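The values are calculated or read from the model by the stated rules, or taken from the named source; none is laboratory data. This structure is a prediction, so every number in the text was calculated from the model and none was measured. Using ideal geometry, Cβ is built from the backbone for each residue, glycine included, and neighbour counts are taken over all protein chains shown. Each accessible area value is taken on the protein alone, full model and side chains, heavy atoms only, with ligands, DNA and RNA left out. Shrake-Rupley method; radii C 1.70, N 1.55, O 1.52, S 1.80 Å.
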Amino acid sequence: MVTSFSILRDFAEKITKGLTHIEIKSIVPFEADPHSYQPTPLDSKILFEANIIFINGLEFEKGIEKIIESSGFKGNIYKATQNVKVRPDLVDPHTWHDVQNAILYVKELRDAFCIEDSKHKETYQKNAAELIKTLENLDGWIKKEFKSIPAQKRIVVTTHDAFWYFSRAYDIQFLSPVGISTEAEASAQNVAKLINFINEHDIKAVFIENLANSKLIEQIANETKRSLQGTLYADSLSAPDGPAPDFVSMIKHNVQTICKAFES
Ligand code: ZN
């Protein structure tokens, strides 16, 4: 079975824990950008041999969706965002930043495994239940961490518009000079507006992201005399020895990094 990117790989690994007959391959490597990823001939071969692929959907893995057909893939495609209540104004794939949506991903993957390999249904259900419990606790923890932050301080500036779902779930406002995709270009007008806003509202929580180009944010930080407050993980987990090797540690890392900047 194949997952498109690192967060789905993490969930798939946890749901199949203890089952040695399942081999998980993931297409976009750690610290690579799923928005702009160009699949390789090896990826086509992996797809050709696979029986299932899990993708995020919502135009996140455009490159991969393009080669699914040409690779000769004959399995089933499961979309993790299938049951997510999506952003109404734009097609925004970054739904996992609301942990309640991540729970929907786990349920989607669990049900797919149960259909595809019903012999091991009990293991999938047990592993998924454990993971859902961990994610419910994580969701509660985030709300507690942010609880004491006053409304006027709850504003973050970051590289690209990846945190709308996080913003809605945890009541933190995110601003960025570019749009939904890391491939988008910022207009001079948007950058100027953002710089004014940072100055007017005395915002200190300015971050870069692990994947997106940080040049523009560095320039904005320079012009507003802010220091960058760290790196947020938006679209990919870190390498195993980094600060965000799995979904839970990624979210914890982001929340702690944001809280630290709010308190500075
Ligand atoms: Zn993104």
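Among residues belonging to region 142-175 that are polar (S, T, N, Q) and more than 10 Å from the ligand (Cβ to nearest atom), point out the one that is least open to solvent (accessible area, probe 1.4 Å).
Only one residue fits best here, namely T158.
Being open to solvent by less than 30 Å² (accessible area, probe 1.4 Å), outside any helix (DSSP H, G or I) and more than 16 Å from the ligand (Cβ to nearest atom): is that true of I53 here?
yes
Need the failing condition index for A112 against (1) hydrophobic (A, V, I, L, M, F, W, C); (2) more than 18 Å from the chain's Cα centre (by Cα); (3) within 15 Å of the ligand (Cβ to nearest atom), just the number.
Every listed condition holds for A112 apart from (3).
Considering only region 176-189, I want to know if a residue exists there that is under 30 Å from T16 (Cα atoms) and of a type in the set (D, E).
no
In region 234-264, how many residues are open to solvent by 20 Å² or more (accessible area, probe 1.4 Å) and of a type outside the set (S, T, N, Q)?
Final tally of qualifying residues: 12.
Test K14 against the criterion of being touching a residue at least 40 places away in the same chain (Cβ under 8 Å), surrounded by 15 or more Cβ atoms within 10 Å (Cβ to Cβ) and more than 16 Å from the ligand (Cβ to nearest atom), and give yes or no.
Here the answer is yes, as K14 does meet what is asked.
Just to verify a result, which residue in region 123-147, among those that are assigned to a helix (DSSP H, G or I) and of a type in the set (D, E, K, R), is farthest from I258 (Cα to Cα)?
K126
Scan region 57-80 for residues that are part of a loop (DSSP other than H, G, I, E, B), under 25 Å from Y233 (Cα atoms) and open to solvent by 10 Å² or more (accessible area, probe 1.4 Å) and jot them down.
L58, E59
Keeping to region 65-98, report how many residues are away from the ligand (no atom under 16 Å from the Cβ) and among the aliphatic types (A, V, I, L, M).
3
Just give me the residues in region 35-50 being part of a loop (DSSP other than H, G, I, E, B), open to solvent by 50 Å² or more (accessible area, probe 1.4 Å) and touching a Gly at 6+ places or on another chain (Cβ under 9 Å), in sequence order.
Q38
So that you can scan it fast, the table gives a plain yes or no per residue for (1) among the hydroxyl-bearing types (S, T, Y); (2) without any contact (Cβ under 8 Å) to a residue 60 or more places away in the chain:
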site	(1), (2)
S70	yes, yes
I77	no, yes
N83	no, yes
T95	yes, no
V99	no, no
E108	no, yes
A112	no, no
D117	no, no
Y124	yes, no
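Every residue, every condition in (1) in a helix (DSSP H, G or I); (2) of a type outside the set (A, V, I, L, M, F, W, C), yes or no:
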{"position": "I203", "(1), (2)": "no, no"}
{"position": "A234", "(1), (2)": "no, no"}
{"position": "H253", "(1), (2)": "yes, yes"}
{"position": "A261", "(1), (2)": "yes, no"}
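Which residue out of D111, D92, D117 is open to solvent by less than 10 Å² (accessible area, probe 1.4 Å) and among the acidic types (D, E)?
D92
Please specify each residue of region 210-222 satisfying the condition of being within 16 Å of the ligand (Cβ to nearest atom) and either open to solvent by 30 Å² or more (accessible area, probe 1.4 Å) or modelled with pLDDT under 90 (or both).
If the condition is that a residue be within 16 Å of the ligand (Cβ to nearest atom) and either open to solvent by 30 Å² or more (accessible area, probe 1.4 Å) or modelled with pLDDT under 90 (or both), then N210, L211, A212, N213, S214, L216 are the ones that fit.
Is there any pair with a first residue in region 50-61 that is on the phi > 0 side of the Ramachandran plot and a second that is within 11 Å of the ligand (Cβ to nearest atom) and assigned to a loop (DSSP other than H, G, I, E, B) whose Cβ atoms are under 8 Å apart and which are 6 or more apart or on different chains, and what are they?
Cβ pairs passing all conditions: G57/P93; L58/D92; L58/P93; E59/P93.
State the number of residues belonging to region 158-176 that are of a type in the set (S, T, Y) and either touching a Gly at 6+ places or on another chain (Cβ under 9 Å) or part of a helix (DSSP H, G or I) (or both).
3
Looking only at region 141-169, count every residue that is of a type in the set (A, V, I, L, M) and under 23 Å from T81 (Cα atoms) and tell me the total.
Final tally of qualifying residues: 3.
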